[in-house]
Amino acid sequence: MKIARYSYKGHIRFGILEDGLLYELERTPFTEMKKTGSTYRLEEVELLTPVFPQKIIAVGLNYRDHAAEFGLPTPEEPVLFMKPPSSLLPHGGEIVYPSMSGRVDYEAELALVVGRECREVSVEEAASCILGYTCGNDVTARDLQARDGQWTRAKSFDTFCPLGPFIETEVDPLGLTVELRLNGELRQSSPASNMIFSPAELLSFTSRVMTLYPGDVIMTGTPSGVGEMRPGDVVEVVIEGVGTLRNTVVAP
């Protein structure tokens, strides 16, 4: 099932996408999946990011080929960092190239959406805490990342976390392939099974650090092939079975 979050006539709603139509939900997908009876065509609504999380937890170097790409050792435990909710950008939105950076990169990622409050959960319990998966782009000011020695500024600019367009609830994450296309050219492609730590392991590990709440997002890392974007570029994160997240890059 694909879940959308959208705005219609100034009201924000969740809906289920079936046969090209959005079926409005009475409440949120974190409570119950009861339809109101109202339906909308996608062109009638404004798609928003599929959730607005309290926090976005990202994971560095979670693909073996990506660690090798940067000449770094394979991590022995997940490397966590944060992106602020103010960095969120929906499908179709514009990634703004910040004036203080001279090098902005794309990083295609599979993102998991937390389905219920959880703390100190085991790997075996983790699946019951996941609502589903969506496409993400961990946009990074690479020159600032290198300059600062830590990642907060480089990862946190407004528009630096494109997410969407839908949450897919019925998919095996390790059976997926994460791809990125820049202006139609394939730049990243890797099976999610190449992750060092699976989505379930990441959720379990993170829940031992902080309480996770419904709608929180964990970005599960990017494969090799990260590269530069420039104003005018069109960047697409493509995960078959989950969706295609498309954004354009614009000058500040």
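The values are calculated or read from the model by the stated rules, or taken from the named source; none is laboratory data. Predicted model only: the values in this text are computed from it and were never measured. Note that we place each Cβ from the backbone using ideal geometry, even for glycine, and neighbour counts take in every protein chain shown. Ligands, DNA and RNA are excluded from the accessible area calculation, which covers all protein heavy atoms including side chains. Shrake-Rupley method; radii C 1.70, N 1.55, O 1.52, S 1.80 Å.
Can you tell me which residue within segment 1-22, out of those that are touching a residue at least 40 places away in the same chain (Cβ under 8 Å) and either over 20 Å from GLU170 (Cβ atoms) or of a type in the set (S, T, N, Q) (or both), is least open to solvent (accessible area, probe 1.4 Å)? Reasoning before the result, please.
Keep residues of segment 1-22 that are touching a residue at least 40 places away in the same chain (Cβ under 8 Å), which gives 1-7, 17.
Going one step further and asking which of them are either over 20 Å from GLU170 (Cβ atoms) or of a type in the set (S, T, N, Q) (or both), we end up with 6-7.
Values: TYR6: 0, SER7: 24 Å².
Of everything passing the filter in segment 1-22, TYR6 is least open to solvent (accessible area, probe 1.4 Å).
Only one of LEU25, LEU42 is over 19 Å from the mean Cα position of the chain (by Cα), over 29 Å from SER156 (Cα atoms) and open to solvent by less than 10 Å² (accessible area, probe 1.4 Å). Can you tell me which?
Values: LEU42 fails: open to solvent by less than 10 Å² (accessible area, probe 1.4 Å).
From the options LEU25, LEU42, the qualifying one is LEU25.
Mind listing whichever residues of segment 1-31 are hydroxyl-bearing (Ser, Thr, Tyr), out of contact with any helix residue (DSSP H, G or I) (no Cβ under 9 Å at 6 or more places or on another chain) and not in a loop (DSSP other than H, G, I, E, B)?
As a first pass, look at segment 1-31 and keep what is hydroxyl-bearing (Ser, Thr, Tyr): 6-8, 23, 28, 31.
If we keep only those that are out of contact with any helix residue (DSSP H, G or I) (no Cβ under 9 Å at 6 or more places or on another chain) too, we end up with 7, 23, 28, 31.
If the condition is that a residue be hydroxyl-bearing (Ser, Thr, Tyr), out of contact with any helix residue (DSSP H, G or I) (no Cβ under 9 Å at 6 or more places or on another chain) and not in a loop (DSSP other than H, G, I, E, B), then SER7, TYR23 are the ones that fit.
Of the residues GLU109, GLU76, GLU94, GLU46, which is in contact with a Phe, Trp or Tyr (Cβ under 7 Å, 6 or more places away or on another chain) and either modelled with pLDDT under 95 or of a type outside the set (Gly, Ala, Ser) (or both)?
On the way: GLU109 fails: in contact with a Phe, Trp or Tyr (Cβ under 7 Å, 6 or more places away or on another chain); GLU76 fails: in contact with a Phe, Trp or Tyr (Cβ under 7 Å, 6 or more places away or on another chain); GLU94 fails: in contact with a Phe, Trp or Tyr (Cβ under 7 Å, 6 or more places away or on another chain).
Among GLU109, GLU76, GLU94, GLU46, only GLU46 is in contact with a Phe, Trp or Tyr (Cβ under 7 Å, 6 or more places away or on another chain) and either modelled with pLDDT under 95 or of a type outside the set (Gly, Ala, Ser) (or both).
Could you count how many residues in segment 238-252 are in a loop (DSSP other than H, G, I, E, B) and either at positive phi or open to solvent by 30 Å² or more (accessible area, probe 1.4 Å) (or both)?
Start the filter on segment 238-252 by keeping residues that are in a loop (DSSP other than H, G, I, E, B), which leaves 240-242, 251-252.
In the following step, the residues that additionally are either at positive phi or open to solvent by 30 Å² or more (accessible area, probe 1.4 Å) (or both) were identified as 240-241, 251-252.
Residues that pass the stated criteria total 4.
Quick one: how many residues across segment 209-224 are open to solvent by less than 20 Å² (accessible area, probe 1.4 Å) and either outside any strand (DSSP E or B) or over 27 Å from ARG103 (Cα atoms) (or both)? Can you show your working first?
Applying the first criterion (open to solvent by less than 20 Å² (accessible area, probe 1.4 Å)) to segment 209-224 yields 212, 215-223.
Pick out the ones that are also either outside any strand (DSSP E or B) or over 27 Å from ARG103 (Cα atoms) (or both) and you get 212, 215-216, 220-223.
So the count comes out to 7.
Take segment 65-114 and flag every residue that is open to solvent by 20 Å² or more (accessible area, probe 1.4 Å), among the charged types (D, E, K, R) and in contact with a helix residue (DSSP H, G or I) (Cβ under 6 Å, 6 or more places away or on another chain).
If the condition is that a residue be open to solvent by 20 Å² or more (accessible area, probe 1.4 Å), among the charged types (D, E, K, R) and in contact with a helix residue (DSSP H, G or I) (Cβ under 6 Å, 6 or more places away or on another chain), then ARG103 is the only one that fits.
Regarding VAL235, is this residue surrounded by 15 or more Cβ atoms within 10 Å (Cβ to Cβ) and hydrophobic (A, V, I, L, M, F, W, C)?
On the way: surrounded by 15 or more Cβ atoms within 10 Å (Cβ to Cβ): yes; hydrophobic (A, V, I, L, M, F, W, C): yes.
Answer is yes for this residue.
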